[in-house]
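Engineer: So that we are looking at the same thing, I have put the structure below in structure tokens.
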Amino acid sequence: ELKVEQNPLFLSMQEGKNYTIYCNYSTTSDRLYWYRQDPGKSLESLFVLLSNGAVKQEGRLMASLDTKARLSTLHITAAVHDLSATYFCAVGGGSNYKLTFGKGTLLTVNP
Amino acid sequence: SAVISQKPSRDICQRGTSLTIQCQVDSQVTMMFWYRQQPGQSLTLIATANQGSEATYESGFVIDKFPISRPNLTFSTLTVSNMSPEDSSIYLCSLWSGQGTDTQYFGPGTRLTVL
């Protein structure tokens with residue numbers, strides 16, 4: 001059974017600081033996704049990582065994937081308040097494209 | 001990306017009743033999924049709904065409790081049957097985008113409260 005672990009689950013940051021969210025998964029997979037969820041909202045797709053060594057960046061967020069270590073990271077650079085949200089990683093497995101989600105990281109960026 | 005709508009957006013129901021949630025997509029998609037997000041929790045896949053075949057349920061979810069229909073490539077329904085307060089959750093439909101962008105997009109969700 002595929003298990004996905006995220007840490008930390010709660011992250012309080014000051015504006016301007018850098019931090020990294022980690023996503024470990026238990027079995028081989030070639031698909032790793034990062035989503036953002038604002039309170040009371042649905043999920044917004046941030047990144048799709050499909051190969052070992054993949055790195056994608058959008059604004060202050062950068063995601064990477066190491067399939068050998070079964071690890072993905074979401075790095076936040078110079079955080080701003082607008083980044084406050086819950087971030088989920090999800091791992092895709094098999095030919096049916098279903099996703100297994102981590103528990104999410106609640107990020108709060110304080111002025 | 002496809003536009004996904006869900007109805008109702010929220011509802012408050014009495015225990016023992018059933019609610020059918022509709023998911024409409026503005027383009028034809030092969031694979032649709034139904035997820036549950038319990039309060040303050042992550043998402044759990046309920047089932048995969050493919051047009052023209054029976055839905056495939058995940059461990060812990062059964063057809064009698066969560067019957068799903070997929071009559072065509074743009075529409076699906078999920079029914080939550082014989083509800084109890086433990087069914088209070090957000091229910092989200094999603095679709096797989098295809099091999100171009102290879103991601104899943106999520107609908108806005110249906111927030112269900114069972115009293």
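Engineer: Could you check region B:8-29 and list, in sequence order, the residues that are under 13 Å from B:Ser69 (Cα atoms) and within 14 Å of another protein chain (Cβ to nearest Cβ)?
Structural biologist: The answer is B:Ile21, B:Cys23.
Engineer: So, one more: I'd like to know if region B:43-63 contains one or more residues that are more than 14 Å from chain A (Cβ to nearest Cβ), under 12 Å from the mean Cα position of the chain (by Cα) and under 20 Å from B:Val3 (Cα atoms). Spell out how you get there, then give the answer.
Structural biologist: Of all residues in region B:43-63, those more than 14 Å from chain A (Cβ to nearest Cβ) come to B:51-52, B:62-63.
From what is left, the residues that are under 12 Å from the mean Cα position of the chain (by Cα) are none.
There is no residue in region B:43-63 that is more than 14 Å from chain A (Cβ to nearest Cβ), under 12 Å from the mean Cα position of the chain (by Cα) and under 20 Å from B:Val3 (Cα atoms).
Engineer: Write out, first by first residue and then by second, each pair whose Cβ atoms fall under 9 Å of each other, whose residues are 6+ apart or on separate chains, and whose first residue, in region B:59-71, is closer than 18 Å to B:Thr17 by Cβ while the second is of a type in the set (Asp, Glu) and modelled with pLDDT of 95 or more.
Structural biologist: Every condition considered, the pairs that remain are B:Lys65/B:Asp87.
Engineer: Give the number of residues within region B:30-42 that are within 11 Å of chain A (Cβ to nearest Cβ) and not in a strand (DSSP E or B).
Structural biologist: Here the count works out to 4.
Engineer: Out of all the residues in region B:69-98, which are more than 26 Å from B:Arg15 (Cα to Cα) and of a type in the set (A, V, I, L, M, F, W, C)?
Structural biologist: Within region B:69-98, B:Leu73, B:Phe75, B:Leu95, B:Trp96 meet the criteria.
Residue by residue, here is whether (1) farther than 19 Å from A:Gly92 by Cα; (2) free of Cβ contacts under 8 Å to residues at least 12 places away in the same chain; (3) charged (D, E, K, R) holds:
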{"site": "A:Leu2", "(1), (2), (3)": "no, no, no"}
{"site": "A:Gln6", "(1), (2), (3)": "no, no, no"}
{"site": "A:Leu9", "(1), (2), (3)": "yes, no, no"}
{"site": "A:Ile21", "(1), (2), (3)": "no, no, no"}
{"site": "A:Ser26", "(1), (2), (3)": "no, no, no"}
{"site": "A:Asp30", "(1), (2), (3)": "no, no, yes"}
{"site": "A:Leu43", "(1), (2), (3)": "no, no, no"}
{"site": "A:Asn52", "(1), (2), (3)": "no, no, no"}
{"site": "A:Glu58", "(1), (2), (3)": "yes, no, yes"}
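Engineer: Please work out if A:Val109 is away from chain B (no Cβ under 13 Å), surrounded by 15 or more Cβ atoms within 10 Å (Cβ to Cβ) and over 22 Å from B:Met32 (Cα atoms).
Structural biologist: Yes.
Engineer: Can you pull out every residue in region B:61-71 that is outside any strand (DSSP E or B) and touching a strand residue (DSSP E or B) at 6+ places or on another chain (Cβ under 8 Å)?
Structural biologist: Across region B:61-71, the qualifying residues are B:Phe61, B:Ile63, B:Lys65, B:Phe66, B:Pro67.
The values are calculated or read from the model by the stated rules, or taken from the named source; none is laboratory data. Since the model is a prediction, treat every value here as computed from it, not as a measurement. Methodologically, a virtual Cβ is constructed for each residue, glycine included, from the backbone with ideal geometry; neighbour enumeration extends over all protein chains shown.
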